[in-house]
Amino acid sequence: MSERAKGFTISKETAWCPGCGNFGIVGALGEALDGLGLAPNKVLFVSGIGQAGKTPHYIRGNVLNTLHGRSLPTATGAKLANSQLTVIAMGGDGDGYAEGANHFLHAIRKNVNITYIVHDNRVFGLTKGQASPVSDGGMVTGTTPSGNMNEAFNPLAMAITLNGGFVARSYSASKEHLIQTIQAGINHPGFSFIDVLQPCVTFNKLNTYQWYRARVYDLADEKDYDPTNKTAAWERSFEWGEQIPIGVFYKVERKTLDDNISVTKNESLVDQSCDNLAIQQVIDQFYV
Ligand SMILES: Cc1ncc(C[n+]2csc(CCOP(=O)(O)OP(=O)(O)O)c2C)c(N)n1
C-alpha cells in the first residue's frame, strides 16, 4: 500500500465506500490540526469500533483503537495521564450514542478536557445499516423492517442539558465550517462535543447529500443567535426537518476534570515522580 504524508494528512487506501462522509471529516480534521500548528506526536486519537472508528488509521498522530463505545473513558485516562496531549476521541453515532451513551453523559458532566467528534451517519454503518439511536422515526432498516418505532435520541439537547462546555454540530460536506468548528472545539478549555452530520452513501438512503444540502443552515448567519443562552440553545437543538441548524449551539466555561483532581491540578501524571504516589504504602497493605 503506498503512503504519502503531509502534516496530519496521510494519503492511503481506506476501507470506506467512495463518497463516504468520513472522507470529508478526516480531511477537515487534518487541516484543522495543521492550521492550529500542532505536531502529530502531540496529538492522540482515540476511537471505538466501526467505519468511523477506523479514522485514526488514516491520519498521522498517536492512536488508541479501543472497544465499541469505549473511546471516551480511554481518552479520559490518557488525558489525565498526560495533559500535554491534545486528545481527540471519535466514533460513529452507534458507538457514541448506543454502546457508549453512558460514557457520553459522564464525560460531559466531568468536563474532561478533550474533544469528541461523532461521525453521525444515523445508522450502524459497519454492520450494514441497522437503525442507530439517532435514526429517524419510521426509517426502514434491516432491524426495523416496518419502520423505526423508536423516538430519536437528541445528543445536542442532552449535552446542553448537562451543561456541556462546547456543544456544536457541523456537516461533513461543509469543509470550512467543519475545520473552524474542530479548531474552536480544540481551543475550548474543557469537553468539546461536535456532532458531524455525515451521509452514508450505502446504507442511509434517507439522509443523503441532496437531502442535507436542501436543509442545512449555519447558526452563525443569524446575528442575534447567542450561544451562551442555554434555554435558546436547548430549544434550537430540537429543530430537525425542513431546516437543520449547524454551528456552535452552546458554550460555557467550567472547571475541568484536571482542575478538580488535586493530583493533576498543577502537574500531569507523566511529569510526576512515583515517590509522590506512595505506591509502596499501598502495596504493603496487601501483605499484613
Ligand atoms: C459491544 C459490541 N457490540 C456490537 C459490536 C458490533 N459492531 C461493530 S461495529 C458496529 C456498528 C458501528 O456503527 P457506528 O458506531 O454508527 O459507526 P459506523 O460504522 O456507522 O461509522 C457494531 C454494531 C461490537 N463490536 N461490540
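What follows draws every value from the coordinates through simple rules; no lab data is involved. All values derive from a computational prediction rather than experimental measurement. Neighbour counts are summed over all protein chains in view; Cβ atoms, including those assigned to glycine, are modelled from backbone coordinates with ideal geometry.
Suppose the filter is part of a helix (DSSP H, G or I), touching a residue at least 12 places away in the same chain (Cβ under 8 Å), more than 13 Å from the ligand (Cβ to nearest atom) and surrounded by 16 or more Cβ atoms within 10 Å (Cβ to Cβ); does Ala28 pass it?
Judged against the criteria, Ala28 is a match.
Could you check the range 32-63 and list, in sequence order, the residues that are away from the ligand (no atom under 16 Å from the Cβ) and part of a strand (DSSP E or B)?
Val43, Leu44, Asn62, Val63
Residue check: is Ala52 closer than 28 Å to Pro133 by Cα and in contact with a helix residue (DSSP H, G or I) (Cβ under 7 Å, 6 or more places away or on another chain)?
Considered against the rule, which asks whether it is closer than 28 Å to Pro133 by Cα and in contact with a helix residue (DSSP H, G or I) (Cβ under 7 Å, 6 or more places away or on another chain), Ala52 comes out as yes.
When you scan the range 65-87, how many residues do you find that are within 16 Å of the ligand (Cβ to nearest atom) and farther than 12 Å from Val112 by Cβ?
Result for the range 65-87: 6.
Of the residues in the range 71-80, how many are surrounded by fewer than 20 Cβ atoms within 10 Å (Cβ to Cβ) and within 15 Å of the chain's Cα centre (by Cα)?
So the answer is 1.
Give the range 160-195 a look and list any residue that's touching a Gly at 6+ places or on another chain (Cβ under 7 Å) and within 24 Å of Lys265 (Cβ to Cβ), or say none.
The answer is Gly165, Phe166, His188, Gly190, Phe191, Ser192, Phe193.
Tell me, please, whether a residue that is within 25 Å of Gly190 (Cα to Cα) and more than 16 Å from the ligand (Cβ to nearest atom) can be found in the range 10-18.
So far as the range 10-18 goes, no, none of its residues is within 25 Å of Gly190 (Cα to Cα) and more than 16 Å from the ligand (Cβ to nearest atom).
Quick one: how many residues across the range 4-25 are in a helix (DSSP H, G or I) and surrounded by fewer than 24 Cβ atoms within 10 Å (Cβ to Cβ)?
Residues in the range 4-25 being in a helix (DSSP H, G or I) and surrounded by fewer than 24 Cβ atoms within 10 Å (Cβ to Cβ): 2 in total.
Please report, ordered by residue number, the helices (runs of 4 or more DSSP H) entirely within the range 189-288 with at least 1 residues that are under 25 Å from Leu72 (Cβ atoms) and within 23 Å of the chain's Cα centre (by Cα).
Ranges flagged: 230-236, 257-260.
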